[in-house]
Amino acid sequence: MKMSKLKDLWNDLRVAVFLVYKAITRGNRFTLIMTILVTTLAFINIIFISSIMNGAVGKVYQQAQENYVANIVVTPAIDQKYITQAQQLKTAICSLPGVVSCSSRYSQPAVIRYDPQKDNLNVHEKAWTVKSINPREEVKVTNIQSYMVAGRYLDQDDRDQIIMGREISGGYNASYEQSSLKGAKVGEEVTVAYESGVVRKYKIKGIYVTNFALADLNAFVTDKEMESVLGVHNRASEILVKTDASYPESMYIDRLMNMGIDREQINPFMDFIGAISSLTQTFEIIKGIITFIGLLVAGVTIFIVIFIATVSRRRQIGILKAIGMKERIIILSYIFQAVFYAILGIMAGLIIINVALVPYFIRHPFPMPIGLVSLALVNRDMAMAIFSMVVVSMVAGFIPSWMVTRQNIIKAIWG
């Protein structure tokens with residue numbers, strides 16, 4: 001009995017596929033091409049928006065990890081101003097499996113004063129936080145040295161030099177030009193008045209541009225210089241920890257806690273990107289809305305095509321029912337036809353995306369305030385888009401065919 005039902009089902013499927021073949025080969029070629037074109041564009045729209053949003057979110061995380069605060073930041077205890085025994089702590093942290101390197105920094109509020117003509121007439125001064133780095137350590141943790149657009153990176157023994165991002169120096173298409181030094185250049189002098197009361201003059205040794213505003217709003221001197229300003233040694237305001245991709249940050253946080261570091265002192269990079277983190281959540285919402293609209297467009301297009309086809313062939317459907325054709329075979333034929341349109345659209349879309357769009361945006365990435373963004377294809381999103389397109393097409397094929405096949409045979413033939 002069960003084998004008989006399976007055989008009947010198989011025969012129904014074969015007949016349905018035959019009807020699809022005849023409908024497509026004898027149908028209007030222009031309608032076929034336009035339907036596939038619309039489904040192709042709808043699929044490309046879904047994948048494109050999803051990929052650009054994924055690329056933007058990925059770029060935020062990459063910039064934060066590579067040019068801003070690495071993967072994890074260790075800060076002083078709540079009741080302490082500095083981390084003590086910083087060198088010993090760094091050695092212990094770097095001994096953990098999966099930790100690539102770590103680097104300590106001092107951080108001190110300051111006012112940077114820039115007088116290009118040295119006549120006290122056209123003076124630009126703003127309050128920023130000046131940080132210190134150990135250049136040998138820092139290059140293993142961040143990539144700022146790779147983004148110098150003028151001058152050079154700091155050397156280990158530099159004492160009277162400073163590097164800064166474009167958002168402080170100004171120029172280089174800075175996003176915060178009005179609050180910058182309005183065009184300070186390499187080789188020029190700035191005066192830095194630290195919160196501690198110490199005032200130092202520095203030459204600008206280099207200016208860097210990462211295209212990530214949070215990173216480009218920093219100015220750096222060497223740790224030796226900052227220790228002389230603060231009158232301290234072997235301490236740190238923060239320790240940046242760079243990890244590999246073996247485990248998530250939460251795993252390394254647990255390991256740091258096992259070393260005796262308080263949880264309140266350990267901060268994953270996500271804690272430092274602030275409002276940009278909310279922006280990534282907004283990207284996800286926008287991606288969902290655009291995906292829904294794209295699926296709706298594809299579904300409505302296929303629905304209209306199938307609806308017109310069923311209405312125009314209503315007499316034919318009535319005749320097929322009159323000679324004993326099962327309703328489910330007719331419905332299946334139109335569902336298969338709709339899925340055929342969707343699959344061709346998906347295949348054409350995948351070819352265009354992989355052959356044209358992705359290579360193009362690798363060569364010409366989008367310039368955004370978070371950096372240069374390319375398309376990031378995610379297999380999960382691709383699979384979900386393909387699955388959704390097929391499901392929508394099945395629904396779009398089922399509804400009009402079900403509506404027509406439910407009509408009375410006589411009415412269908414003579415109506």
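Here is how the numbers come out for the structure above:
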| item | result |
| --- | --- |
| Of all residues in the stretch 46-86 being touching a helix residue (DSSP H, G or I) at 6+ places or on another chain (Cβ under 8 Å) and aromatic (Phe, Trp, Tyr), the one that is modelled with the highest pLDDT | Tyr68 |
| Some residue of the stretch 102-119 being basic (Lys, Arg), at positive phi and either in a strand (DSSP E or B) or in the same structural domain as Tyr176 (by TED's automatic domain parsing) (or both) | yes |
| Conditions (1) of a type in the set (A, V, I, L, M); (2) in contact with a Lys or Arg (Cβ under 8 Å, 6 or more places away or on another chain); (3) crowded, with 20+ Cβ neighbours inside 10 Å: number failed by Ala150 | (3) |
| Residues (crowded, with 17+ Cβ neighbours inside 10 Å and either modelled with pLDDT under 90 or of a type outside the set (Val, Ile, Thr) (or both)) located in the stretch 256-267 | Leu256, Ile261, Gln265, Asn267 |
| Considering residues of the stretch 19-31 that are in contact (Cβ under 8 Å) with a residue 24 or more places away in the chain and assigned to a helix (DSSP H, G or I) only, the residue farthest from Gly294 (Cα to Cα) | Leu19 |
| Residue match in the stretch 76-96 (condition: touching a strand residue (DSSP E or B) at 6+ places or on another chain (Cβ under 6 Å), of a type in the set (A, V, I, L, M), under 30 Å from Glu284 (Cα atoms) and buried (at least 17 other Cβ atoms within 10 Å of the Cβ)) | no |
| Residue check for Val99: in contact with a strand residue (DSSP E or B) (Cβ under 7 Å, 6 or more places away or on another chain), over 30 Å from Glu327 (Cβ atoms), at pLDDT 80 or above and hydrophobic (A, V, I, L, M, F, W, C) | yes |
| Set Val300, Val355, Val311, Val305: member being assigned to a helix (DSSP H, G or I), modelled with pLDDT of 85 or more and out of contact with any Asp or Glu (no Cβ under 7 Å at 6 or more places or on another chain) | Val355 |
| Residue check, Val141 farther than 21 Å from Ile112 by Cα and modelled with pLDDT of 95 or more | yes |
| Qualifying residue in the stretch 324-347 (condition: free of Cβ contacts under 8 Å to residues at least 24 places away in the same chain, in the same structural domain as Thr25 (by TED's automatic domain parsing) and on the phi > 0 side of the Ramachandran plot) | yes |
| Test: residue in the stretch 108-121 that is touching a helix residue (DSSP H, G or I) at 6+ places or on another chain (Cβ under 9 Å) and surrounded by fewer than 21 Cβ atoms within 10 Å (Cβ to Cβ) | yes |
| Members of the stretch 198-247 that are free of Cβ contacts under 8 Å to residues at least 12 places away in the same chain and either in contact with a strand residue (DSSP E or B) (Cβ under 9 Å, 6 or more places away or on another chain) or not assigned by TED's automatic domain parsing to the domain that holds Ser101 (or both) | Val199 |
| Qualifying residues in the stretch 219-241 (those that are of a type outside the set (Val, Ile, Thr) and surrounded by fewer than 20 Cβ atoms within 10 Å (Cβ to Cβ)) - the one nearest to Trp128 (Cα to Cα) | Leu230 |
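The values are calculated or read from the model by the stated rules, or taken from the named source; none is laboratory data. This structure is a prediction, so every number in the text was calculated from the model and none was measured. Cβ sites come from the backbone with ideal geometry, for glycine too, and all protein chains shown count toward neighbours.
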